[in-house]
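The values are calculated or read from the model by the stated rules, or taken from the named source; none is laboratory data. This is a predicted model, so every value here is computed, not measured. Every residue, glycine among them, receives a Cβ derived from its backbone with ideal geometry; neighbour counts consider all protein chains shown.
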Amino acid sequence: MDKKWWQEAVVYEIYCKSFCDSNGDGIGDLPGVMGKLPMLKDLGINCIWFTPIYKSPQVDNGYDVADYYDIDPAYGTLEDFKKLLDMAHSMGIRVIMDQVLNHSSDECVWFQESRKSKDNPYRNFYIWQPPKADGSEPNNWGNRFREGNGSAWTFDELTGEYYLHQYSAKMPDLNWEYEPLRQEIYKMLRFWLDLGVDGFRLDVFTRLKKPAGLPDAVNASDPALDRNGYILDGSMCTCVEGIHEILHDIWANVFGPADCYTVGEGSGINAGNAASYISPAAQQISSVYHFNLSSRKREPFTHAQFRKVQSDWAKLHEAGCWATQYFSNHDSQRQVSHYGNDGLYRVPSAKLLAALTLTTPGTPYLYQGEEIGMVNVQFDSIEDYNCRYTLGDYAAMVAQGADPKTAIRTVGPRSRDNARTPYQWNAAENAGFTTGKPWIKVNPAYKEINLEADRESPDSIFAWYQKLIGLRKTHPAILNGGLEFCDADSPQVLAYTRSCPEETLLVIANKSDAEAEFALPEELAKRPWQPVARNLPGDFPAPEATAKPWECRIYKA
Ligand code: GLC
Ligand code: CA
């Protein structure tokens, strides 16, 4: 079956602010990215996802958009962006843009207008409610960043009403019930498509629909962090009935006619409900970036969870759906620290995780820095952190009497800043990221862990990524093959086959710190397995050989 371009893509996520600074102001920028396109081409990726680079006060590093039609001056100009787009396209690299459609910045002209008066034409672009009789908030919802007093509502003196914000008070929620808002968004999406972008990553797309009547929350997601009776129930605005109508409307107006790629980021999606969003018949979005395996707050997935999630999503492919694969992004920890072993086994475990991402069904999403095995960071001072969750969780803990040292050691490991420290290009000052003062501290590990050192090493992680990405082009089973686990539920080894009419691939991954014995089911054991790739040096052993810690091998029959 013919594939769409995005089914064959390997996507690389760029967090522009931390990628490469070209002018010494300490902030990564578009000219910086342009200079590194050859490196990305060399890696083998063929699509870039930009997290928001629109004009923004940067309260949430761009997820608070002030001007949906312009590039933030810290990153460059619209002209720079067009140039970058042309360069990327001429190199065979597509570009998808983040679209933040759940909320805008309070500095967006729509909100500036909206707050002016109750009869302003933009009033209903946002969700305004009068206070309760006692003057309090319309309901008890907490904001996700636990900011301010904790409420998801902020009172605006000017008109005497509250507005809703699931995140920061500086990120008011947009009102998708209001037709003119929809039309304004559609116009804006078409603007970027006309400019030549290849698709969109849709931020928190499952939250666009709010429950009718805005009822009080009852079930706290993390009661320990709730403040002043404001309850954060993560599912309150997630996948609410009516969400499909909104998504289909966007599709009918924009995505469908443009036939563009869309990947929705959102909680609440699993193999059970995914088809209602992403099957072609649903006419909503192309694919979904879900949290079934990777989440900043949860413990790392178990072997059993990995098998179950992968098998369930693989089945969806038979229904015409298409999955995504990733372990890290700008909202997570560094994958080698969270799911691998960033000490003794940093290199092989980084490689093993890469193999899982790049040999399972769906579109792989790589995050900047994982191709050189970048690791988590622990700062000692809250001032060094920037992530809104980290700041809010820390404040909540300290308000409840935790001592600051304990609080920082608790919030640090879950901080999104682990993934947001500057890209480590080389061992020079500031890891070669900037000649100025970086907007967030560089991870001190950069002296050992950096692109230059990695590429000079015979054991290069970058080279392993190149190899795996290359395999996707020569082995049809990776793109088209079915997925079958064959590891007898081993507590250490994850093993699976990918089979299509032309070939069968076998992946054996010892995702553990200890050596592992491993046997194949009889019918597989007797097949003539040829070596394809291995993440350790030395002779290539047979499939059933004892696997070293974090060893990963790929065979073909
Ligand atoms: C998504 C983004 C995250 C942002 C949030 C609010 O989860 O990935 O970085 O803080 O949405 O826009
Ligand atoms: Ca800069």
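Just wondering, is there one or more residues in region 11-30 that are touching a Cys at 6+ places or on another chain (Cβ under 8 Å) and more than 16 Å from ligand 2 (Cβ to nearest atom)?
yes
If we scan region 25-42, do we find a residue that is acidic (Asp, Glu), in contact with a Lys or Arg (Cβ under 9 Å, 6 or more places away or on another chain) and within 16 Å of ligand 1 (Cβ to nearest atom)?
No, region 25-42 contains no residue that is acidic (Asp, Glu), in contact with a Lys or Arg (Cβ under 9 Å, 6 or more places away or on another chain) and within 16 Å of ligand 1 (Cβ to nearest atom).
Would you mind listing the helices (runs of 4 or more DSSP H) fully within region 344-444 where at least 1 residues are aromatic (Phe, Trp, Tyr) and over 29 Å from Pro549 (Cβ atoms)?
388-399
Filter region 428-451 down to the residues that are touching a Phe, Trp or Tyr at 6+ places or on another chain (Cβ under 7 Å) and in contact (Cβ under 8 Å) with a residue 24 or more places away in the chain, then identify the one that is farthest from Gln378 (Cα to Cα).
Among them, the one singled out is Leu451.
Given the conditions (1) in the same structural domain as Asp25 (by TED's automatic domain parsing); (2) more than 22 Å from the chain's Cα centre (by Cα); (3) free of Cβ contacts under 8 Å to residues at least 60 places away in the same chain, which single one is not true for Ala88?
It is condition (2) that Ala88 fails.
For the structure I just gave you, tell me whether Tyr68 is buried (at least 21 other Cβ atoms within 10 Å of the Cβ), of a type outside the set (D, E, K, R), more than 20 Å from the chain's Cα centre (by Cα) and not in a loop (DSSP other than H, G, I, E, B).
For Tyr68, the condition - buried (at least 21 other Cβ atoms within 10 Å of the Cβ), of a type outside the set (D, E, K, R), more than 20 Å from the chain's Cα centre (by Cα) and not in a loop (DSSP other than H, G, I, E, B) - is met.
Report the residue count in region 46-86 for those that are charged (D, E, K, R) and within 12 Å of ligand 1 (Cβ to nearest atom). Lay out the reasoning, then the answer.
Of region 46-86, the ones charged (D, E, K, R) are 55, 60, 64, 67, 70, 72, 79-80, 82-83, 86.
Subsequent filtering for residues that are within 12 Å of ligand 1 (Cβ to nearest atom) retains 60, 64.
Here the count works out to 2.
Please determine, by comparing only the residues of region 51-71 that are under 19 Å from Thr434 (Cβ atoms) and touching a Cys at 6+ places or on another chain (Cβ under 9 Å), which one is farthest from ligand 2 (Cβ to nearest atom).
Restricting to residues being under 19 Å from Thr434 (Cβ atoms) and touching a Cys at 6+ places or on another chain (Cβ under 9 Å), the top hit is Thr51.
Of all residues in region 303-355, count the ones that are within 16 Å of ligand 1 (Cβ to nearest atom), buried (at least 24 other Cβ atoms within 10 Å of the Cβ) and of a type in the set (Phe, Trp, Tyr).
1
What number goes with the only condition from (1) in contact with a Leu (Cβ under 6 Å, 6 or more places away or on another chain); (2) more than 30 Å from Phe81 (Cβ to Cβ) that Asp173 does not pass?
Just one mismatch for Asp173, condition (2).
Which one of these does Arg201 not meet: (1) in contact with a Ser or Thr (Cβ under 9 Å, 6 or more places away or on another chain); (2) more than 30 Å from Val263 (Cβ to Cβ); (3) not in a loop (DSSP other than H, G, I, E, B)?
Checking Arg201 against (1) in contact with a Ser or Thr (Cβ under 9 Å, 6 or more places away or on another chain); (2) more than 30 Å from Val263 (Cβ to Cβ); (3) not in a loop (DSSP other than H, G, I, E, B), the one that fails is (2).
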